[in-house]
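Have a look at the structure below before the remarks.
The values are calculated or read from the model by the stated rules, or taken from the named source; none is laboratory data. The structure presented is a predicted model; accordingly, all values stated were derived computationally and were not measured. FYI the Cβ positions are ideal-geometry reconstructions off the backbone, even for glycines, and counts take in every protein chain you see.
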Amino acid sequence: MCSAAADSGVKVVTGDTKVVNRGKGDQIFITTSGIGVIEANVSISANQAQPGHRSIVSGYIGDHGMAVM
């Protein structure tokens, strides 16, 4: 990941850990975060979603937030 980040001109600045059930964590888990600047004329929010836009979701929406609560 460090090499790919360097080739792309970005920095790896964060990490994450996963808690998984015994026997279920025999894979690699990679998380990503993005840090950037939103241009003044760009509006991002859920109500801006359009047909054809894509989201990546793993698991059920809301599970992680409920676990944290």
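Just a few scattered comments:
One line per residue, one yes/no per condition, for (1) surrounded by 10 or more Cβ atoms within 10 Å (Cβ to Cβ); (2) under 13 Å from the mean Cα position of the chain (by Cα); (3) among the hydroxyl-bearing types (Ser, Thr, Tyr):
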{"position": "Asp16", "(1), (2), (3)": "no, yes, no"}
{"position": "Arg22", "(1), (2), (3)": "no, no, no"}
{"position": "Thr32", "(1), (2), (3)": "no, yes, yes"}
{"position": "Gly36", "(1), (2), (3)": "no, no, no"}
{"position": "Ala40", "(1), (2), (3)": "no, no, no"}
{"position": "Ser45", "(1), (2), (3)": "no, no, yes"}
{"position": "Gln50", "(1), (2), (3)": "no, no, no"}
{"position": "His53", "(1), (2), (3)": "no, no, no"}
{"position": "Ser58", "(1), (2), (3)": "no, yes, yes"}
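- The residues of segment 1-31 that are closer than 19 Å to Ile56 by Cβ and among the basic types (Lys, Arg) amount to a single one, Lys18.
- The C-beta contact set for segment 43-67 (first residue free of Cβ contacts under 8 Å to residues at least 40 places away in the same chain, second residue surrounded by 10 or more Cβ atoms within 10 Å (Cβ to Cβ) and not hydroxyl-bearing (Ser, Thr, Tyr), distance under 9 angstrom, 6+ apart or interchain) comprises Ser55/Ala49.
- Residue in segment 32-42 that is within 22 Å of Ala67 (Cα to Cα) and free of Cβ contacts under 8 Å to residues at least 24 places away in the same chain present: yes
- Condition check for Ala5: modelled with pLDDT of 80 or more, within 17 Å of the chain's Cα centre (by Cα) and surrounded by 10 or more Cβ atoms within 10 Å (Cβ to Cβ): yes
- Top-ranked residue in segment 22-66 [being outside any loop (DSSP other than H, G, I, E, B) and at pLDDT 75 or above; ranked as farthest from Val10 (Cα to Cα)]: Met66
- In segment 1-30, the residues that are without any contact (Cβ under 8 Å) to a residue 24 or more places away in the chain reach residues that are of a type outside the set (Gly, Ala, Ser) and assigned to a helix (DSSP H, G or I) with C-beta atoms within less than 7 angstrom, at least six apart or across chains, in these pairs: Val12/Cys2.
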